[in-house]
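Novice: Have a look at the structure that comes next, please.
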Amino acid sequence: MGTARKNKTKILLMLLMAVVLVLSACSKEKSGGAGLNTSIEDRYTLDPNTPAWKLDTKESTTLTWYVNADWWNSDYGNDVVTKKIKEDLNLDITFITGDDTKLNTFFAGDDMPDLISVFDSNSSIVQKADTWALPLNDLAEKYDPYFNQVAAQDTLNWFQLADGKTYGYPNYSNTQADYEQGTIPAKTAFVIRKDVYEALGQPDFSTPEQFTATLQAIKAQFPELIPFGFNSIGTGTGSLGDVFQDFIGVPLTDADGNHYNRNLDEDYLTWISTLNGAYRGGLISDDSFADDGTAFEEKVKSGKYATMMLDGTPQQGGNLQIFASNNEGKEYIAIDGPQSTVGNSPTLNQSGITGWMISFITNSNIDPAKSIQLFTYLLSEEGQMLMNYGIEGETYEINAEGKVALMPEVKEMQLNNADQFKKEYRFGEFMFFGHDRHKTLSDDAFPDSIKQMQEWGKGKLVPHFILENINPDQGTAEARSLSAINTQWNTTLVSLIRSKDDATFNSVLEEYKQFLNDNNWDAIVSIYNEKMARNKEKLGL
């Protein structure tokens, strides 16, 4: 090769390397983020009594937000809720959705999104947030101190990591004060069709004997109905595991405040034995153990069950409303149902202090100031009202009773064209940092079909904070053992209810107890107690 040609090749290689370096630098600038070094000098001056989004003069920002759920609606700026967010904050959001595999690819590469929302507070990603996310405490101090006026201090404390800082904030995080104020509606109920209840003279289900006798009466008088149903079991326990335990008030801890194996509680097992007797008497359908969520919902819509142990009443509200609207006088109503054989009161659970979906501002964030403003906005009363009801004067008004009432045309669409309603308004769906207490502001927040059920549940909710996030850390031997034990319990519960006789029931139960002994149960309980003690400390108990 001639000298000139060699030089030409060398120059081309150098140019190519320069391009690669520039592209790499651009990529690193995008993925590296500005962190807490972002300057707001030319944008606004901090005022602890004014949300920073009202002060910020920046004309346009685009953030990428990854939500770890394939089903999440990634549309933005076209419905009432997100259009208003875009307008108020001068903010565009590009949503990305996916599953754990996609989430892990972000952490394996350099190109992290600006914001991340996940659903498992016990995951290693959440537990190690200090390695990839920015602390909300520092972001608030530097860019938006008003955040501390809208964030719940108990929730911030709950999510603190070892460094004393909080990196993620959840939605539906209920504190002790929320429970005490009675603004959280119950989501569990034992329900019966009103026509069945009246035809049988308003029967009592409180004891195992009365429960069985009433189901037998239902079978005789309403042979076309399934006497007793429950939420789809799938890979879990439906509404017959911890939901049923809560309903009859199985203790959350032992007398010393330590871990208590509620699955082996004698009161609970008495009721599971009762369900086994009902199954053997043809009062529980075999299909109920195989039905998926869709099959269960279809039976709710058609009123196929005479009675149900029902969890997630808001999620079933639409199905219950469809049946109620088409069958006047037959709607499902909540009654006291099965009660503790030892005198315990119900300890119904709701969303705890951990909440559901946890959102983070990543180290790669291109505008952390705008991002904490977004968190503040959505947590504020203004944001909460927007996400639930839209804009006052346009989509809702405050009526003479002081309640939030949707405008007639909005209510009409909500009742009669649910798909169009979701597309145009999106109320109750875009619920980052959402909270149940705002639902109590309006009679339109829940369908009529579940209002009586929620009324029945008043005074029966008890915080389960002590039991939150106590599982062994992922990747440990104890975590693997617990996964096997949980799977075994799901199988055991179904086998207990479907046992052909008492001897089989007792044998299945003994096999489960042996499985616990063979799978590191004592070590798991030790971790439970250690983490429960930490929860007590966080909660100031």
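Just so it is clear, none of the values below were taken in a lab; they were calculated from the coordinates. What you are looking at is a predicted structure, and each value in this text was computed from that prediction instead of being measured. Every residue, glycine among them, receives a Cβ derived from its backbone with ideal geometry; neighbour counts consider all protein chains shown.
Novice: Once the mean 1/r over all distinct Cα pairs of region 338-394 is inverted, what Kirkwood radius in angstroms do you read off?
Specialist: Details: mean 1/r = 0.0649 Å⁻¹.
Hydrodynamic radius (Kirkwood, Cα only) of region 338-394 equals 15.4 Å.
Novice: When averaged across all projection directions, what area in nm² does the alpha-carbon convex hull of region 390-541 cover? Before the final figure, lay out the partial values.
Specialist: On the way: hull surface 60.8 nm².
Here the figure is 15.2 nm², rounded to one decimal.
Novice: Explain nothing, just the number: dipole magnitude of the chain about its Cα centre with +1 on each Lys and Arg Cβ and -1 on each Asp and Glu Cβ, in debye rounded to the nearest 20. Please report the intermediate quantities before stating the final value.
Specialist: On the way: 45 positive and 76 negative charges, 327 e Å.
About 1580 debye.
Novice: Per residue Cα convex hull volume for region 334-465, in cubic angstrom? It would help to have the intermediate numbers written out before the result.
Specialist: Values: hull volume 21.5 nm³, N = 132.
For region 334-465, the hull spanned by Cα atoms encloses 163 Å³ per residue.
Novice: Continuing with the same structure: When the scattering of region 241-334 is computed by the Debye formula from its Cα atoms alone, each counted once and equally, what is log10 I(q)/I(0) at q = 0.18, 0.19, 0.22 Å⁻¹?
Specialist: Taking Cα atoms of region 241-334 as identical point scatterers yields -0.96, -1.02, -1.16.
Novice: For q values of 0.18 Å⁻¹, compute log₁₀ I(q)/I(0) with the Debye formula on a Cα-only model of region 474-541, without solvent.
Specialist: Scattering profile of region 474-541, log10 relative to I(0): -0.75.
Novice: In addition: Can you give me the P(r) profile for region 101-148? Cα pairs, bins 10 angstrom wide beginning at 0, each as a whole percent.
Specialist: The calculated distribution, bin by bin, is 21, 48, 26, 5.
Novice: Still on this structure, please answer the following. Considering the options Gln514, Ile527, Leu539, tell which one lies farthest towards the positive end of the dipole of region 493-541, charges being +1 on Lys and Arg and -1 on Asp and Glu at the Cβ, about the Cα centre.
Specialist: Leu539
Novice: A further question follows. Grab the other residues whose beta carbon is less than 13 angstrom from that of Gly428, score K and R as +1, D and E as -1, and report the net.
Specialist: Values: positive: Lys422, Arg426, Lys439; negative: Asp79, Glu429, Asp436, Asp444.
Charge balance near Gly428 sits at -1.
Novice: Still on this structure: Quick one: putting +1 on the C-beta of Lys and Arg, -1 on the C-beta of Asp and Glu, what dipole do you get for region 123-166 around its Cα centre, in Debye to the nearest 20? Working shown, then result.
Specialist: Numbers: 3 positive and 6 negative charges, 21 e Å.
In total the dipole reaches around 100 debye.
Novice: If you don't mind, there's one more thing I want to ask. Please report the net charge: other residues with Cβ closer than 12 Å to the Cβ of Asp242, K and R +1, D and E -1. Kindly include the intermediate steps, with their values, before the conclusion.
Specialist: On the way: positive: Arg262; negative: Asp246, Asp265, Asp311.
Once all neighbours under 12 Å are counted, the net charge is -2.
Novice: Still on this structure, please answer the following. Select from Gly77, Ile96, Thr62 the residue farthest towards the positive end of the dipole of region 37-137; place +1 on Cβ of Lys and Arg, -1 on Cβ of Asp and Glu, and compute about the Cα centre.
Specialist: After comparing all options, I get Gly77.
Novice: Separation of region 226-265 and region 78-137 by C-alpha centroid, Å?
Specialist: Region 226-265 and region 78-137 have Cα centres spaced 34 Å from each other.
Novice: Is it possible to state the helix-based mean residue ellipticity at 222 nm for the chain, with each DSSP H run of 4+ residues giving -39500 (n - 2.57), the sum divided by total residues, to the nearest 500 deg cm²/dmol? What is it?
Specialist: My calculation for the chain gives -14000 deg cm²/dmol from helical runs alone.
Novice: On the first, second and third principal axes, largest extent first, how far apart are the outermost C-alpha atoms of region 89-205 in Å?
Specialist: 66, 35, 35 Å, listed from the longest principal axis down.
Novice: Now a separate question. For the chain, what Kirkwood radius comes out of the mean inverse Cα-Cα distance, in Å?
Specialist: On the way: mean 1/r = 0.0382 Å⁻¹.
Hydrodynamic radius (Kirkwood, Cα only) of the chain equals 26.2 Å.
Novice: Computed from the mean reciprocal separation of all distinct C-alpha pairs, what Kirkwood hydrodynamic radius does region 200-358 have, in Å?
Specialist: Numbers: mean 1/r = 0.0596 Å⁻¹.
For region 200-358, the Kirkwood estimate is 16.8 Å.
Novice: For a footprinting-style exposure proxy, rank Tyr268, Tyr260 by other Cβ within 10 Å, fewest first. Don't jump to the answer; show the numbers that get you there.
Specialist: Details: Tyr268 22, Tyr260 18.
Listing Tyr268, Tyr260 from fewest to most nearby Cβ atoms yields Tyr260, Tyr268.
Novice: Using C-alpha positions alone, give me the convex hull volume of region 43-93 per residue in cubic angstrom. Show your work: numbers first, answer last.
Specialist: Numbers: hull volume 5.2 nm³, N = 51.
Taking only Cα atoms, region 43-93 has a hull volume of 102 Å³ per residue.
Novice: How do Arg426, Arg480 line up, fewest other C-beta atoms within 10 Å first?
Specialist: Details: Arg426 20, Arg480 14.
Ranked by crowding around the Cβ, least crowded first: Arg480, Arg426.
Novice: Right, another one. At what distance in angstrom do the alpha carbon centres of region 42-73 and region 465-481 lie from each other?
Specialist: Answer, in whole Å: 35.
Novice: So for the chain: antiparallel DSSP bridges make up what percent, rounded to the nearest 5? Intermediate results must be reported in sequence, preceding the final value.
Specialist: Details: 22 of 39 bridges.
Counting DSSP beta bridges with both partners in the chain, the antiparallel share is about 55 percent.
Novice: Based only on other Cβ atoms within 10 Å, what is the fewest-to-most ordering of Leu264, Leu441, Leu378? Display every interim value, and only then the final one.
Specialist: Working: Leu264 13, Leu441 18, Leu378 23.
Placing the least packed residue first, the sequence is Leu264, Leu441, Leu378.
Novice: Just report the Cα centroid separation between region 276-312 and region 400-414, whole Å.
Specialist: Region 276-312 and region 400-414 have Cα centres separated by 35 Å.
Novice: Between Val342, Gly355, Gly318, whose Cα lies farthest towards the positive end of the dipole of region 298-412 when Lys and Arg beta carbons carry +1 and Asp and Glu beta carbons carry -1, centred on the Cα centre?
Specialist: Sorting the options by dipole projection puts first Val342.
Novice: Note down the magnitude of the dipole of region 187-349 about its Cα centre, charges +1 on Lys and Arg C-beta and -1 on Asp and Glu C-beta and zero elsewhere, to the nearest 20 debye. Display every interim value, and only then the final one.
Specialist: Working: 10 positive and 22 negative charges, 82 e Å.
The dipole of region 187-349 has a size of about 400 debye.
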